[in-house]
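A.B. asks: For reference, the structure I am asking about is given below.
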Amino acid sequence: MSSLRLILGDQLSESISSLNDFQKDDWILLCEVMEEATYVKHHPKKIAFLFAAMRHFAVEMQAKGFKLRYVKLTDPQNSGSFTGEVHRIAQELGVERLIVTEPGEYRVKCMMESWQELIGIPVEIRVDDRFLCSIQAFNNWAKDKKQLRMEYFYREMRKKYHILIEKNGSPTGGKWNYDKENRKPPTKGLFSPKRISHNKSSILKEVLRLVAEKFSDHFGMLEPFNYAITRAQALIELDDFIDRILSNFGDYQDAMLKGEVYLNHSLLSSYINVGLLLPLEVCQKAETAYRNGKVSLNAAEGFIRQILGWREYIRGIYWRYMPEYEELNYLNAKNPLPDFYWGSKTRMSCINEVISHTQQHAYSHHIQRLMISGNFALLAGLDVKQVQEWYLAVYSDAYEWVEMPNTLGMSLFGDGGIVASKPYAASGKYIKKMSNFCQHCSYDPEDMLGENACPFNALYWDFIARNREKLKGNQRLFYVYSTWEKFSDEKQRAIRDKAAITLVCMNKGEL
Ligand code: FAD
Ligand code: DLZ
Ligand code: SF4
């Protein structure tokens, strides 16, 4: 019985479950489709990265003897959607069944579930075992728990995969988590290593021309393009990160500096998310670097926690709560996304910095996503759907399974506390402490009410005040609410007036 085995753009792993038991009469299908490139207007770098990685993957698999159909975006018969292409190619090849690995988005899962009836052949949807915790295993872990805290999930994962675990079962170094050592503010001369730039293959050059022609109206710069697009290149970046950069990852994970896009972050998310790298091999290499005395325990543990802990946990949350999850808006945030998210200038230097990183690189690091663009959206009550759509479009590592719980849950507290135990809300003081952005800003981070007061300050307290009913019971906000309540009525009113004016300015494009 011949099978068609569909590989999606974020399934570029030779070990993917849909390719298990491949037979000589079987076919692999990869297709570039307009629907995927435009259901949100993805950053041109993200589209180029995916198309180039897909084309290289296809060439590599063909060289290994797999029979393969590759549909390019511009192929005249390309129907423009996964459904259209699977239907067309399955009929053309006369295959008797379709095999797929479960996708990263609920939207695509619904499509897949419709194919059997539509195409008239059996469709087998296999578990994506590149993830280290299956959806079922996550649900088993979650089912009896009142609160799904990442930390406890992470400990189970450490034990399951025996990562940073001693022979007697205890965590290496005696502690599970060294997070407290990972929050140092930036210091002068903070190490910002030069990053690898790969030679451009002819495949990449052709893709860059295609994307320039077809997607020039999407937000973001296509060039310079430095992403790895093959597994071999991604492995070079992984090894380079482990050898040169990981040792500084832990200490300054939360630091932010003007003009420094990457600092000591790994830039590996895009590669892991499409399958060029596998999460387990990344964690094991980090552990080996620690065991060989190349990096400290807090660096290795801090990095491994992000992948073995956060990444798997976030995926578990997505599939546990979808499709209801995407409709949540716990804080009723509905203000329209201001133009500065799309590159219009604002006087807020921190926002300009993050948006320009995003525009140029389809990347900004975690704390910038969370504590600058995300924090502003939270404080200003920006519409949760618009904010999510923005994050899904602009980052090269964004797929809904990982983008949505991070944005709606962690950043916007839109799920009411499933992901985060309290909102990640902060005033200008935090940004001043963790970055040098305020030194380059025309606003004053110390001022709350004056003409040049940092917008984050009044918005922060307004956020606290307007969400009082929903947040006051949160023990972690006890101190915050007691501070607010100690402010005089006059001061409270002045802050709230200032916040209202700030939002008016934001809507007029004058912030
Ligand atoms: P590093 O800082 O070097 O971290 C190492 C690895 O850990 C990452 O490569 C990634 O695989 C993993 N990781 C770290 N934090 C998370 C997390 N919270 N969730 C999942 N994996 C994590 N990550 C995405 O991969 N795609 C997204 O669409 C995405 N959207 C986000 C939206 C918001 C609002 C926030 C706050 C975070 C988002 N993240 C997302 C998580 C995180 O910001 C990125 O994984 C990270 O910035 C990628 O850069 P890096 O590879 O240099 O990561
Ligand atoms: C993001 C994306 C884009 C831009 N284009 C394609 C494509 O043309 N073909 C493809 O197979 N995948 C693409 N992707 C990734 C898919 O959107 C992703 O596989 C699904 O959202 C499931 O996670
Ligand atoms: Fe951002 Fe406020 Fe600092 Fe300006 S002063 S950079 S707006 S935190």
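The values are calculated or read from the model by the stated rules, or taken from the named source; none is laboratory data. In this text the structure is predicted, and so the values were computed from the model without any measurement. For neighbour counting, all protein chains shown are included, and Cβ atoms are generated from backbone atoms with ideal geometry for every residue, glycine included.
A.B. asks: Exactly one of these conditions fails for ALA52: (1) buried (at least 16 other Cβ atoms within 10 Å of the Cβ); (2) farther than 24 Å from VAL211 by Cβ. Give me its number.
C.D. replies: Unmet for ALA52, out of (1) buried (at least 16 other Cβ atoms within 10 Å of the Cβ); (2) farther than 24 Å from VAL211 by Cβ: (2).
Yes/no per residue for (1) buried (at least 19 other Cβ atoms within 10 Å of the Cβ); (2) modelled with pLDDT of 95 or more; (3) small (Gly, Ala, Ser); (4) in contact with a Lys or Arg (Cβ under 6 Å, 6 or more places away or on another chain):
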position: MET434; (1), (2), (3), (4): yes, no, no, no
position: HIS440; (1), (2), (3), (4): no, no, no, yes
position: PRO445; (1), (2), (3), (4): yes, yes, no, yes
position: LYS470; (1), (2), (3), (4): no, yes, no, no
position: GLU490; (1), (2), (3), (4): no, yes, no, no
position: ILE495; (1), (2), (3), (4): yes, yes, no, no
position: ALA499; (1), (2), (3), (4): yes, yes, yes, no
position: CYS505; (1), (2), (3), (4): no, yes, no, no
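A.B. asks: Give all pairs with beta carbons closer than 6 Å in which a residue from segment 2-19 that is in the same structural domain as ALA63 (by the TED database) meets a residue that is in a helix (DSSP H, G or I) and acidic (Asp, Glu); count only pairs at least 6 apart in sequence or on separate chains.
C.D. replies: Within 6 Å, no pair qualifies.
A.B. asks: Mind checking which helices (runs of 4 or more DSSP H) fall wholly inside segment 251-318 and carry at least 3 residues that are of a type in the set (D, E, K, R)?
C.D. replies: Numbers: elements: 269-274, 279-291, 297-304.
Of the helices (runs of 4 or more DSSP H) lying wholly inside segment 251-318, those with at least 3 residues that are of a type in the set (D, E, K, R) span 279-291.
A.B. asks: OK, next. Would you confirm whether any residue within segment 21-39 is buried (at least 18 other Cβ atoms within 10 Å of the Cβ), more than 26 Å from LEU118 (Cα to Cα), touching a residue at least 12 places away in the same chain (Cβ under 8 Å) and more than 16 Å from ligand 1 (Cβ to nearest atom)? Can you show your working first?
C.D. replies: Of the residues in segment 21-39, the ones buried (at least 18 other Cβ atoms within 10 Å of the Cβ) are 26-33, 36-37.
Next, only the ones that are more than 26 Å from LEU118 (Cα to Cα) stay: none.
No: segment 21-39 contains no residue that is buried (at least 18 other Cβ atoms within 10 Å of the Cβ), more than 26 Å from LEU118 (Cα to Cα), touching a residue at least 12 places away in the same chain (Cβ under 8 Å) and more than 16 Å from ligand 1 (Cβ to nearest atom).
A.B. asks: Something else: Tally up the residues in segment 1-51 that are aromatic (Phe, Trp, Tyr), part of a helix (DSSP H, G or I) and in contact with a helix residue (DSSP H, G or I) (Cβ under 6 Å, 6 or more places away or on another chain), please. It would help to see each step written out before you state the result.
C.D. replies: Taking segment 1-51 and keeping what is aromatic (Phe, Trp, Tyr), we get 22, 27, 39, 49, 51.
Filter once more, so that each one left must be part of a helix (DSSP H, G or I): 49, 51.
Keeping just the survivors that are in contact with a helix residue (DSSP H, G or I) (Cβ under 6 Å, 6 or more places away or on another chain) gives 51.
Result for segment 1-51: 1.
A.B. asks: May I pose another question? Pick from segment 147-167 the residues that are of a type in the set (A, V, I, L, M, F, W, C) and not in a loop (DSSP other than H, G, I, E, B): which of them is farthest from the chain's Cα centre (by Cα)?
C.D. replies: Just the residues of segment 147-167 that are of a type in the set (A, V, I, L, M, F, W, C), to begin with: 148, 150, 153, 157, 163-165.
Then drop every residue that is not not in a loop (DSSP other than H, G, I, E, B), which leaves 150, 153, 157, 165.
Numbers: MET150: 16, PHE153: 19, MET157: 20, ILE165: 28 Å.
Step by step, filter segment 147-167, then rank; the result is ILE165.
A.B. asks: Considering only residues of segment 327-374 that are among the aromatic types (Phe, Trp, Tyr) and either part of a helix (DSSP H, G or I) or within 13 Å of ligand 3 (Cβ to nearest atom) (or both), which is farthest from ASP447 (Cα to Cα)? Give the derivation first.
C.D. replies: Taking segment 327-374 as the starting set, the residues that turn out to be among the aromatic types (Phe, Trp, Tyr) are 330, 340-342, 363.
From what is left, the residues that are either part of a helix (DSSP H, G or I) or within 13 Å of ligand 3 (Cβ to nearest atom) (or both) are 340-342.
Values: PHE340: 22, TYR341: 24, TRP342: 27 Å.
In this case the residue turns out to be TRP342.
A.B. asks: Also, quick follow-up: Taking helices (runs of 4 or more DSSP H) that do not extend beyond segment 445-487, which have at least 2 residues that are hydroxyl-bearing (Ser, Thr, Tyr)? Give the steps one after another, and end with the answer.
C.D. replies: Numbers: elements: 455-466, 468-471, 478-486.
Answer list for segment 445-487: 478-486.
A.B. asks: I'd like to verify a number: residues in segment 79-122 that are charged (D, E, K, R), closer than 19 Å to VAL274 by Cα and touching a strand residue (DSSP E or B) at 6+ places or on another chain (Cβ under 9 Å), how many? Before you say what the answer is, go through the steps one by one.
C.D. replies: From segment 79-122, those charged (D, E, K, R) are 85, 88, 92, 96-97, 102, 105, 107, 109, 113, 117; that's our starting set.
Still in the list and also closer than 19 Å to VAL274 by Cα: 102, 105, 107, 109.
From what's left, touching a strand residue (DSSP E or B) at 6+ places or on another chain (Cβ under 9 Å): 102, 109.
Total satisfying the criteria: 2.
A.B. asks: Let me ask something additional. If you go through segment 209-239, how many residues are part of a helix (DSSP H, G or I) and surrounded by fewer than 16 Cβ atoms within 10 Å (Cβ to Cβ)? Walk me through it before giving the result.
C.D. replies: Kept after step one, since they are part of a helix (DSSP H, G or I), are these residues of segment 209-239: 209-214, 231-239.
Within this subset, residues satisfying the condition of being surrounded by fewer than 16 Cβ atoms within 10 Å (Cβ to Cβ) are 209, 212-213, 232, 236, 239.
The qualifying residues number 6.
A.B. asks: Among the residues of segment 73-94 satisfying the criterion of being assigned to a loop (DSSP other than H, G, I, E, B) and either of a type in the set (Gly, Ala, Ser) or surrounded by fewer than 17 Cβ atoms within 10 Å (Cβ to Cβ) (or both), which is farthest from ligand 3 (Cβ to nearest atom)?
C.D. replies: Quick first cut of segment 73-94, residues assigned to a loop (DSSP other than H, G, I, E, B) only: 73-81, 94.
So of that shortlist, the ones also either of a type in the set (Gly, Ala, Ser) or surrounded by fewer than 17 Cβ atoms within 10 Å (Cβ to Cβ) (or both) come out as 74-77, 79-81, 94.
Numbers: THR74: 43, ASP75: 47, PRO76: 50, GLN77: 51, SER79: 47, GLY80: 42, SER81: 42, GLY94: 60 Å.
My answer is GLY94.
A.B. asks: For segment 390-443, which residues satisfy the criterion of being within 16 Å of ligand 2 (Cβ to nearest atom) and acidic (Asp, Glu)?
C.D. replies: Once the filter is applied, which keeps residues that are within 16 Å of ligand 2 (Cβ to nearest atom) and acidic (Asp, Glu), segment 390-443 yields ASP397, GLU400, GLU403.
A.B. asks: Six or more apart or on different chains, Cβ under 7 Å: which pairs go from a residue in segment 266-292 that's within 16 Å of ligand 2 (Cβ to nearest atom) to one that's small (Gly, Ala, Ser) and not in a helix (DSSP H, G or I)? Could you list them?
C.D. replies: Qualifying pairs under 7 Å: SER270/SER396; TYR271/ALA228; VAL274/GLY9; GLY275/SER13; LEU276/ALA228.
A.B. asks: Now, a different point. Scan segment 284-298 residue by residue and report those that are among the β-branched types (Val, Ile, Thr) and in contact with a Leu (Cβ under 7 Å, 6 or more places away or on another chain).
C.D. replies: VAL295
A.B. asks: How about segment 389-409: which of its residues are in contact (Cβ under 8 Å) with a residue 60 or more places away in the chain and part of a helix (DSSP H, G or I)?
C.D. replies: Residues of segment 389-409 in contact (Cβ under 8 Å) with a residue 60 or more places away in the chain: 389, 392-402, 404-406, 408-409.
Residues satisfying the conditions are GLU389, LEU392, ALA393, VAL394, GLU400, TRP401, VAL402, MET404, PRO405, ASN406, LEU408, GLY409.
A.B. asks: The conditions are (1) more than 16 Å from ligand 3 (Cβ to nearest atom); (2) closer than 18 Å to ALA362 by Cβ, and ARG231 fails exactly one of them. Which is it?
C.D. replies: (2)
A.B. asks: All but one of (1) crowded, with 23+ Cβ neighbours inside 10 Å; (2) farther than 20 Å from SER266 by Cβ hold for ALA398, so report the exception by its number.
C.D. replies: (2)
A.B. asks: Another question, if that's okay. Pairs please, first residue from segment 305-328 and in contact (Cβ under 8 Å) with a residue 12 or more places away in the chain and closer than 14 Å to TRP141 by Cα, second anywhere and part of a helix (DSSP H, G or I) and acidic (Asp, Glu), Cβ atoms under 9 Å, 6+ apart in sequence or on different chains.
C.D. replies: GLY309/GLU151
A.B. asks: Considering ALA362, ALA299, which residue is buried (at least 22 other Cβ atoms within 10 Å of the Cβ) and within 16 Å of ligand 2 (Cβ to nearest atom)? It would help to see each step written out before you state the result.
C.D. replies: On the way: ALA299 fails: within 16 Å of ligand 2 (Cβ to nearest atom).
None of the other options fit; the residue is ALA362.
A.B. asks: From LEU511, LEU471, LEU503, grab the single residue that is touching a residue at least 12 places away in the same chain (Cβ under 8 Å) and within 30 Å of TYR318 (Cα to Cα). Spell out how you get there, then give the answer.
C.D. replies: Details: LEU511 fails: within 30 Å of TYR318 (Cα to Cα); LEU503 fails: within 30 Å of TYR318 (Cα to Cα).
Result of the check over LEU511, LEU471, LEU503: LEU471.
A.B. asks: If we scan segment 201-208, do we find a residue that is exposed (fewer than 15 other Cβ atoms within 10 Å of the Cβ), over 30 Å from ARG231 (Cα atoms) and either small (Gly, Ala, Ser) or at pLDDT below 90 (or both)?
C.D. replies: Scanning segment 201-208, I find no residue that is exposed (fewer than 15 other Cβ atoms within 10 Å of the Cβ), over 30 Å from ARG231 (Cα atoms) and either small (Gly, Ala, Ser) or at pLDDT below 90 (or both), so the answer is no.
A.B. asks: Looking only at residues in segment 374-407 that are of a type in the set (Ser, Thr, Tyr) and within 16 Å of PHE219 (Cα to Cα), which one is farthest from ligand 1 (Cβ to nearest atom)? Write out each step before concluding.
C.D. replies: The initial filter retains those residues of segment 374-407 that are of a type in the set (Ser, Thr, Tyr), namely 391, 395-396, 399, 407.
Remaining after also requiring within 16 Å of PHE219 (Cα to Cα): 391, 395-396.
Details: TYR391: 5, TYR395: 5, SER396: 9 Å.
For segment 374-407, the residue satisfying everything is SER396.
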